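Notes to accompany the following structure.
The values are calculated or read from the model by the stated rules, or taken from the named source; none is laboratory data. What you see is a predicted model; the values in this text were computed from it and never measured. Quick reminder, even Gly has a Cβ in these numbers, built from the backbone with ideal geometry, and neighbours come from all protein chains shown. Protein only, heavy atoms only, side chains kept; ligands, DNA and RNA dropped before computing areas. Shrake-Rupley method; radii C 1.70, N 1.55, O 1.52, S 1.80 Å.
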Amino acid sequence: MKEEVRYNPKFHLSATEARGVKPDAAVGEELRIELEVPGAFGRMAAQTAKQVITQRLREAERSVIFEEWKKHEGEVVSGIVARREGRVVLVEVGNRVNGIILPDDQLPSEPYRPGDRLKVYLSSVNMTTKGPEILLSRTHPEIVRKLFAQEIPEVAGGTVTVRGVAREAGSRSKVAVSSSAQNVDPIGSCIGQRGSRIQTIIQELGGEKI
């Protein structure tokens, strides 16, 4: 038994309406009707759709950047000075990703010229109405601790522990270290042969005494 088709105004036309489109239209026949779209309306709709899609893509990109860099809070990352905007320094830390160094987080002795390479402490990542805001620092005491871990294998391996850091950023830092192994000199390990290890950190901090 053939199933009865129930009339749906979204998909069906009456026989009279159908014959207005096609004079010999038969019951059950499928009609294809091309809709006319005014040119002006088409341009406006396309423009609106483009704006919406662009906005959604921008929001998605901002969200991805925020989530990615939020995981790196409290770390030391490498960057290249991009430019200055007033007293604020913009540093490129990733592909088309810039962080900012506020005046209080800048070392007074550093010129921050475009193209300069430097290591920065990633102090915080916040989402603002303009997108992710990545705050960087060259004055934070933790940058000294992190550089010790990067440059001194005994610190990275846990044999030597950095107990504390007192810093006058741009001038000098004092670092307290201890060793968990009797045969490892914590100070000697940090200084390195002929001062090679500590000099690398001093140079990275713009000549700051340690």
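If I filter region 144-160 for residues that are in contact (Cβ under 8 Å) with a residue 60 or more places away in the chain, of a type in the set (Gly, Ala, Ser), assigned to a loop (DSSP other than H, G, I, E, B) and within 20 Å of residue 75 (Cβ to Cβ), do I get at least one hit? There is no residue in region 144-160 that is in contact (Cβ under 8 Å) with a residue 60 or more places away in the chain, of a type in the set (Gly, Ala, Ser), assigned to a loop (DSSP other than H, G, I, E, B) and within 20 Å of residue 75 (Cβ to Cβ). If you filter region 94-106 down to residues that are of a type in the set (A, V, I, L, M, F, W, C) and at pLDDT 95 or above, you find that the one that is least open to solvent (accessible area, probe 1.4 Å) is 101.
Could you tell me whether any residue of region 175-198 is closer than 28 Å to residue 125 by Cα and surrounded by 12 or more Cβ atoms within 10 Å (Cβ to Cβ)? Before the answer, list the steps.
Quick first cut of region 175-198, residues closer than 28 Å to residue 125 by Cα only: 175.
So of that shortlist, the ones also surrounded by 12 or more Cβ atoms within 10 Å (Cβ to Cβ) come out as 175.
Checked region 175-198: at least one residue is closer than 28 Å to residue 125 by Cα and surrounded by 12 or more Cβ atoms within 10 Å (Cβ to Cβ).
For every residue, the table says whether it meets (1) over 30 Å from residue 186 (Cβ atoms); (2) among the small types (Gly, Ala, Ser); (3) more than 22 Å from the chain's Cα centre (by Cα); (4) loosely packed, with under 12 Cβ neighbours inside 10 Å.
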position: 53; (1), (2), (3), (4): yes, no, no, yes
position: 77; (1), (2), (3), (4): no, no, no, no
position: 82; (1), (2), (3), (4): yes, yes, no, no
position: 121; (1), (2), (3), (4): no, no, no, no
position: 124; (1), (2), (3), (4): yes, yes, no, no
position: 131; (1), (2), (3), (4): yes, yes, no, no
position: 135; (1), (2), (3), (4): yes, no, no, no
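Of the listed requirements (1) touching a helix residue (DSSP H, G or I) at 6+ places or on another chain (Cβ under 9 Å); (2) over 19 Å from residue 142 (Cα atoms); (3) loosely packed, with under 13 Cβ neighbours inside 10 Å, residue 88 misses just one: (3).
When the residues of region 173-182 are filtered to those that are at pLDDT 95 or above and not small (Gly, Ala, Ser), the one that is farthest from residue 156 (Cα to Cα) is 174.
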